[in-house]
1. Somewhere in the range 143-154, is a residue in contact (Cβ under 8 Å) with a residue 40 or more places away in the chain, among the hydroxyl-bearing types (Ser, Thr, Tyr) and assigned to a helix (DSSP H, G or I)?
2. Looking at Arg45, Arg7, which one is open to solvent by 50 Å² or more (accessible area, probe 1.4 Å), of a type in the set (D, E, K, R) and under 27 Å from Arg155 (Cα atoms)?
3. Within the range 88-105, can one find any residue that is assigned to a helix (DSSP H, G or I) and crowded, with 16+ Cβ neighbours inside 10 Å?
4. Considering only the range 74-87, state which residues are assigned to a loop (DSSP other than H, G, I, E, B) and basic (Lys, Arg).
5. Going by the conditions given, is Gly133 part of a loop (DSSP other than H, G, I, E, B) and modelled with pLDDT of 95 or more?
6. Taking the condition of being open to solvent by 40 Å² or more (accessible area, probe 1.4 Å) and either over 23 Å from Leu51 (Cα atoms) or touching a Ser or Thr at 6+ places or on another chain (Cβ under 8 Å) (or both), how many residues in the range 106-116 meet it?
7. Only residues that are among the hydrophobic types (A, V, I, L, M, F, W, C) and either closer than 25 Å to Asp27 by Cα or touching a strand residue (DSSP E or B) at 6+ places or on another chain (Cβ under 7 Å) (or both): list them for the range 111-136, please.
8. Are any of the residues in the range 117-136 open to solvent by 70 Å² or more (accessible area, probe 1.4 Å), polar (S, T, N, Q) and more than 26 Å from Arg23 (Cα to Cα)?
Amino acid sequence: MPELSVRSMTQPEFDEWQDALARRFADSKVAAGTWTAAEALDKARQANAALLPEGLATEDNLILKGIRPDGTPVGRLWITLKHPQGVAGCAFLYDIEVEPEFRGAGYGRALLAAAEDAVREHGGTALELNVFGDNPVAISLYATSGYAVVTQQMRKAV
């Protein structure tokens, strides 16, 4: 696994990330058939704003940048220390992303390990996440990192 450290995002990094995050989330919801393309970006921005009402300063959220030893940023993490359904001791990983040029080199696994370390450092005992079914690379990363399916939603067109 490559060497990696994490630090809090700066405000300019956060602003840039918020736009990219909303676009990725909107695209995923459209691909999953949950939202229409016309409404998706607005809904994604509203959903993110509701989860981060104080932006970067929102309490109990870790919004981190993954950095190589040479200072090169390689990815991002967004963790809430308070589980959305109130599961005691369980944090929730809302976002993990590796920059395209660093994918396939172990940085996703390193970021995931850094997320787990951050949760432990804040007193958490578990980390949960969601993954869209059309993302086999992420599903494989989580499965080989010890994550187990705790709920599953399925759909069939009829």
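The values are calculated or read from the model by the stated rules, or taken from the named source; none is laboratory data. In this text the structure is predicted, and so the values were computed from the model without any measurement. Positions of Cβ are backbone-derived with ideal geometry, glycine not excepted, and every protein chain shown enters the neighbour counts. Ligands, DNA and RNA are stripped out before the accessible areas are found, and what is left, the full protein with its side chains, is counted by its heavy atoms. Shrake-Rupley method; radii C 1.70, N 1.55, O 1.52, S 1.80 Å.
1. Going through the range 143-154, the residues in contact (Cβ under 8 Å) with a residue 40 or more places away in the chain turn out to be none.
Looking for residues that are in contact (Cβ under 8 Å) with a residue 40 or more places away in the chain, among the hydroxyl-bearing types (Ser, Thr, Tyr) and assigned to a helix (DSSP H, G or I), one finds none in the range 143-154, hence no.
2. Values: Arg7 fails: under 27 Å from Arg155 (Cα atoms).
The match here is Arg45.
3. Filtering the range 88-105 down to residues assigned to a helix (DSSP H, G or I) leaves 100-102.
Imposing the further condition that a residue be crowded, with 16+ Cβ neighbours inside 10 Å reduces the set to 102.
Taking every residue of the range 88-105 in turn, at least one turns out to be assigned to a helix (DSSP H, G or I) and crowded, with 16+ Cβ neighbours inside 10 Å.
4. Kept after step one, since they are assigned to a loop (DSSP other than H, G, I, E, B), are these residues of the range 74-87: 81-87.
Lys82, the sole residue that qualifies.
5. On the way: part of a loop (DSSP other than H, G, I, E, B): yes; modelled with pLDDT of 95 or more: no.
No; evaluated as a whole, the condition is false for this residue.
6. Start the filter on the range 106-116 by keeping residues that are open to solvent by 40 Å² or more (accessible area, probe 1.4 Å), which leaves 109, 116.
Within this subset, residues satisfying the condition of being either over 23 Å from Leu51 (Cα atoms) or touching a Ser or Thr at 6+ places or on another chain (Cβ under 8 Å) (or both) are 109.
Here the count works out to 1.
7. Of all residues in the range 111-136, those among the hydrophobic types (A, V, I, L, M, F, W, C) come to 111-115, 118-119, 126-127, 129, 131-132.
Result: Leu111, Leu112, Ala114, Ala115, Ala118, Val119, Ala126, Leu127, Leu129, Val131, Phe132.
8. Yes, because at least one residue in the range 117-136 is open to solvent by 70 Å² or more (accessible area, probe 1.4 Å), polar (S, T, N, Q) and more than 26 Å from Arg23 (Cα to Cα).
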